[in-house]
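Below you'll find the structure, written out as structure tokens, and then a few comments.
No value in this document is a laboratory result; all are computed from the given coordinates. As the structure is a computational prediction, the values presented were derived from the model and not from experiment. Reconstructed Cβ throughout: ideal geometry from the backbone, glycine too, with neighbour counts over all protein chains shown.
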Amino acid sequence: MFDESTGMILDEIISSRRTYRMFRMDVPPKESVSGIIQAGLAAPFAAATTGGRGNKYFRQFFVFPRDSRGLTIAGGLLMQKIHMMAEDLEKKMKHNPELRSKAETFSNRLEMIRKAGVVPGVETAPWYIVVAERRGFPPVEQQSLAHCLENMWLKATALNLGFQLVSVTGQMGSDPEFCRLLGIQPDEFELNGCAVGYYQEQLPPSIRPPAEQVTRWME
Ligand SMILES: Cc1cc2nc3c(=O)[nH]c(=O)nc-3n(C[C@H](O)[C@H](O)[C@H](O)COP(=O)(O)O)c2cc1C
């Protein structure tokens with residue numbers, strides 16, 4: 001049983017969780033990263049869909065330090081993917097005004113990253129972590145990964161560390177070169193990623209509506 005003060009601490013951690021995009025140069029210790037990964041492992045997984053196939057545990061973590069050879073390769077492959085996604089979306093939007101109005105903000109974001117030449121969270125933070133979940137049926141790995149990443153995010157928050165999702169990682173599960181870098185087979189795992197480091201400046205809790213405003217109690 002938890003007492004009230006434990007609940008209050010959890011509320012505080014949840015409301016303090018923010019997306020950090022500016023990291024200090026100094027590197028949080030490996031023990032902190034391991035603690036974050038352990039929290040990710042505690043997250044739920046889709047037990048009915050993950051087969052027991054493969055000789056590896058169905059959830060794997062790959063940790064890239066800033067300035068490592070692996071990170072340089074990963075960063076290049078992620079940037080290539082951003083270029084491909086931007087060009088593909090631009091082509092599709094050309095003949096589809098409805099898609100253009102829906103996807104314009106995302107398309108601008110891809111363009112901004114292309115111009116900056118750096119994938120946010122990769123090479124801008126001391127640690128880039130790829131999380132992999134073995135593909136199963138029906139395919140719900142990205143949902144599982146989202147639970148895993150939220151746990152990691154909350155743990156990072158409790159350790160006073162900044163955390164940023166690197167969503168483009170989600171596009172890399174079938175990329176032969178990216179998978180070779182991780183030592184996994186293409187299409188074996190779904191991927192997602194995040195960056196962790198000391199934040200430059202602490203952000204205030206984000207503003208959300210009160211629950212009553214967005215809740216309908218059904219009869
Ligand atoms: C599915 C999903 C993907 C996201 N991808 C990214 C990302 O690639 N890079 C990033 O900086 N933030 C990403 N975010 C973070 C959101 O932009 C952020 O959570 C939102 O703006 C609210 O801010 P907060 O996290 O500080 O409360 C993502 C969030 C979600 C839920």
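Just a few scattered comments:
- Rounded Å value of the spacing that divides the Cα centres of the stretch 1-59 and the stretch 113-148: 14 Å
- Excluding same-chain neighbours fewer than eight residues apart, the lysines reachable from LYS91 by a Cα-Cα span under 21 Å are LYS81, LYS102, LYS115.
- The ALA103 and MET22 beta-carbon pair, evaluated with R₀ = 35 Å, returns a calculated FRET efficiency of approximately 0.85.
- In the chain, a dipole from Cβ-located charges (positive for Lys and Arg, negative for Asp and Glu) runs towards its positive end, and of ALA146, TYR199, GLY117 it is GLY117 whose Cα lies farthest in that direction.
- Farthest toward positive dipole pole in the chain [+1 Lys/Arg, -1 Asp/Glu at C-beta], among PRO29, PRO97, LEU10: PRO97
- Working from Cα pairs under 8 Å separated by at least six residues, relative contact order for the stretch 45-194 is 31 percent.
- All aspartates and glutamates inside 12 Å of LYS56 as judged from Cα atoms, apart from same-chain residues fewer than 8 positions distant: GLU133, GLU188
- Candidate aspartates and glutamates for bridging to LYS92, where Cα separation is under 20 Å - those fewer than 8 sequence places away on the same chain excluded: GLU104, GLU111
- Cα-centre dipole for the stretch 79-219 with unit charges at Cβ (Lys and Arg positive, Asp and Glu negative), debye to 20: 260 debye
- Interchain or long-range residues, amide H under 5 Å from GLY193's placed H: VAL131, VAL166, THR169, GLY170
- Over the stretch 77-219, volume per residue of the alpha carbon convex hull, in Å³: 192 Å³
- Rh (Kirkwood; distinct C-alpha pairs) - the stretch 101-185, Å: 15.0 Å
- Charge dipole magnitude, Cβ of K and R +1, D and E -1 - the stretch 1-70, Cα centre, debye nearest 20: 640 debye
- Highest-MSF residue in the chain out of GLU111, GLU188, GLU31 [GNM, Cα springs under 10 Å]: GLU31
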